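A.B. asks: Below: one structure in structure tokens.
The values are calculated or read from the model by the stated rules, or taken from the named source; none is laboratory data. What you are looking at is a predicted structure, and each value in this text was computed from that prediction instead of being measured. Positions of Cβ are backbone-derived with ideal geometry, glycine not excepted, and every protein chain shown enters the neighbour counts. For the accessible areas, the whole protein counts, side chains as well, though only heavy atoms, and no ligand, DNA or RNA atoms are used. Shrake-Rupley method; radii C 1.70, N 1.55, O 1.52, S 1.80 Å.
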Amino acid sequence: MDLRIFTEPQQGATYDDLLAVARTSEELGFGAFFRSDHYLTMGGDGLPGPTDAWTTLAGLARDTSTIRLGTLMTSATFRHPGVLAIQVAQVDQMSNGRVELGLGAGWFEAEHAAYGIPFPDTRERFDRYEEQLAVVTGLWATPAGETFSHDGEHYQLTDSPALPKPVQDKVPVIVGGVGKKRTPALAARYADEFNLPFVDLDTTRAQFGRVSQACEAIGRDPETMTWSSALVVCCGADEAEVRRRAEAIGRQPDELRANGIAGTPDEVIERIGQFAEAGAQRIYLQVLDLADLDHLRLLADRVMAQV
């Protein structure tokens, strides 16, 4: 099981806060450091304010050396696909090939209103999202010396030089969500990894099954997909420490045990095993208290070593 660290900086974090988590995650051997792509807090004052996902990852590309870096999920409403392709390729160059792109349709209307970002209806957002996946992957896949064009409803590119190229032959693309039709189809066509955020075991099994069927429908082997889950983590050496960490993020231990990955190391290992049995090959451990680096150390020493 590949364990990755996932953060939500819009809840309140500076670049230095994120750098400390990323460097500690790297030192401890976690598979990757990921962050959300949001501009507005979802509770609390959010001080000192949001940080931009790809600006952050550009800094981390230079301030770390081995850990993989990415987003869950970059919103298709935030950036034009041609610009996004350039940004991600550049950060991939800056990191010497350590970047992954999680791309979603966007859902948080309040942050769009707060910062003047257009927020179309659901159908249009998914239409734009589908075109973004086609454009970004198309630009990267265009051989050097050739051009890329796209004549879509929402985006038109004419004779793009499709530069710069990422260092990686293919930047991994992550698609996720619980939609029953369009999401599985888009994942089958464009994704290297399919991710389910904050859902239970039954939903995990059912949605992984839909995506597998969508792969088979277009002649793709589902074994070529990486299957992942993202869940809040709250681990403590004993029950008192579990409770202290839960209280620090405004949650209750029992609720976290039911809806996330929580408890003592043995409980956390068991819970990870349940998601593995449901098909998950990778877990994004959502760490909400970014100042608690000892939490990462406990997870690395008592959990990661066992899974």
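A.B. asks: Looking at the P(r) of the chain, how many percent of alpha-carbon pairs lie beyond 38 Å?
C.D. replies: 10 percent
A.B. asks: Follow-up. Under a 1.4 Å probe, what is the accessible area of segment 34-105 per residue, stated in Å²?
C.D. replies: Normalised by residue count, the accessible surface of segment 34-105 is 34 Å².
A.B. asks: Note down the magnitude of the dipole of the chain about its Cα centre, charges +1 on Lys and Arg C-beta and -1 on Asp and Glu C-beta and zero elsewhere, to the nearest 20 debye.
C.D. replies: Charge dipole of the chain: 420 debye, to the nearest 20.
A.B. asks: Rounded, prolate or oblate for segment 112-203? Axes are the square roots of the Cα gyration tensor eigenvalues, ordered a ≥ b ≥ c, and the cut-off for rounded is a/c under 1.5.
C.D. replies: Oblate shape, in that a/c is at least 1.5 and b/c is the bigger or equal ratio.
A.B. asks: Further, regarding this structure: Does anyone have the angle between helix 53-63 and the longest principal axis of the chain? Alpha-carbon axes, 0 to 90°, nearest 10?
C.D. replies: Roughly 70 degrees, rounded to the nearest 10.
A.B. asks: Something else: What is the dipole size for segment 2-45, taken about its Cα centre, with +1 at each Lys and Arg Cβ and -1 at each Asp and Glu Cβ, in debye to the nearest 20?
C.D. replies: Its charge dipole is roughly 80 debye.
A.B. asks: Shape call for segment 185-307 from the C-alpha gyration tensor, a ≥ b ≥ c root eigenvalues: rounded (a/c under 1.5), prolate (a/b greater than b/c) or oblate?
C.D. replies: prolate
A.B. asks: For segment 62-84 and segment 132-157, what is the centre-to-centre distance using only Cα atoms, to the nearest Å?
C.D. replies: Cα centroid of segment 62-84 versus Cα centroid of segment 132-157: 18 Å apart.
A.B. asks: Just to be sure I understand: of the beta bridges DSSP finds with both ends in the chain, what percent are antiparallel, rounded to 5?
C.D. replies: 10 percent
A.B. asks: OK, next. Using Cα atoms only, what is the angle between the long axis of helix 122-141 and the major principal axis of the chain, expressed in degrees (0 to 90) to the nearest 10?
C.D. replies: Once rounded, one gets 80 degrees.
A.B. asks: Let me ask something else about it. Rounded to a whole number, what % of the accessible area of segment 75-149 do carbon and sulfur atoms account for, probe 1.4 Å?
C.D. replies: Of the solvent-accessible surface of segment 75-149, carbon and sulfur hold 54 percent.
A.B. asks: For helix 81-94, what angle does its Cα long axis make with the longest principal axis of the chain, in degrees from 0 to 90 and rounded to 10?
C.D. replies: It works out to around 60 degrees.
A.B. asks: Could you grab the relative contact order for segment 108-207? Cα pairs under 8 Å, six or more apart, rounded to a whole percent.
C.D. replies: Normalised by residue count, the contact order of segment 108-207 is 17 percent.
A.B. asks: Tell me the net charge near residue 154. Cut-off is 14 Å between Cβ atoms, residue 154 excluded, with +1 for each Lys or Arg and -1 for each Asp or Glu.
C.D. replies: So the surrounding residues net to -3.
A.B. asks: Also: Between residue 110 and residue 153, what FRET efficiency comes out of the Förster formula 1/(1 + (r/R0)^6) with R0 = 30 Å and r the beta carbon distance, rounded to 0.05?
C.D. replies: Rounded to the nearest 0.05, the efficiency is 0.65.
A.B. asks: Take the Cβ-Cβ distance between residue 14 and residue 40 as r, set R0 to 22 Å, and report the resulting FRET efficiency rounded to the nearest 0.05.
C.D. replies: Computed FRET efficiency for residue 14 and residue 40 comes out at 0.85.
A.B. asks: I need the calculated FRET efficiency for the pair residue 124 and residue 224, taking r as the beta carbon distance and R₀ as 41 Å, to the nearest 0.05.
C.D. replies: For residue 124 and residue 224, the calculated efficiency is 0.85.
A.B. asks: Tell me the relative contact order for the chain as a rounded percent, counting alpha carbon contacts under 8 Å between residues six or more apart.
C.D. replies: 17 percent
A.B. asks: Something else about it: Roughly what would the spin-label model give for residue 301 and residue 1, points 7 Å off Cα along C-beta, in nm?
C.D. replies: Each label point is offset 7 Å from its Cα along the Cβ direction, giving 2.0 nm.
A.B. asks: Follow-up. What is the distance, in nm, between label points placed 7 Å from the Cα along the Cα-to-Cβ direction at residue 198 and at residue 93?
C.D. replies: That separation, rounded to one decimal, is 3.6 nm.
A.B. asks: Now, a different point. Answer rounded, prolate or oblate for segment 10-133, using the Cα gyration tensor with square roots of eigenvalues a ≥ b ≥ c: rounded when a/c is under 1.5, else prolate when a/b is larger than b/c, else oblate.
C.D. replies: oblate
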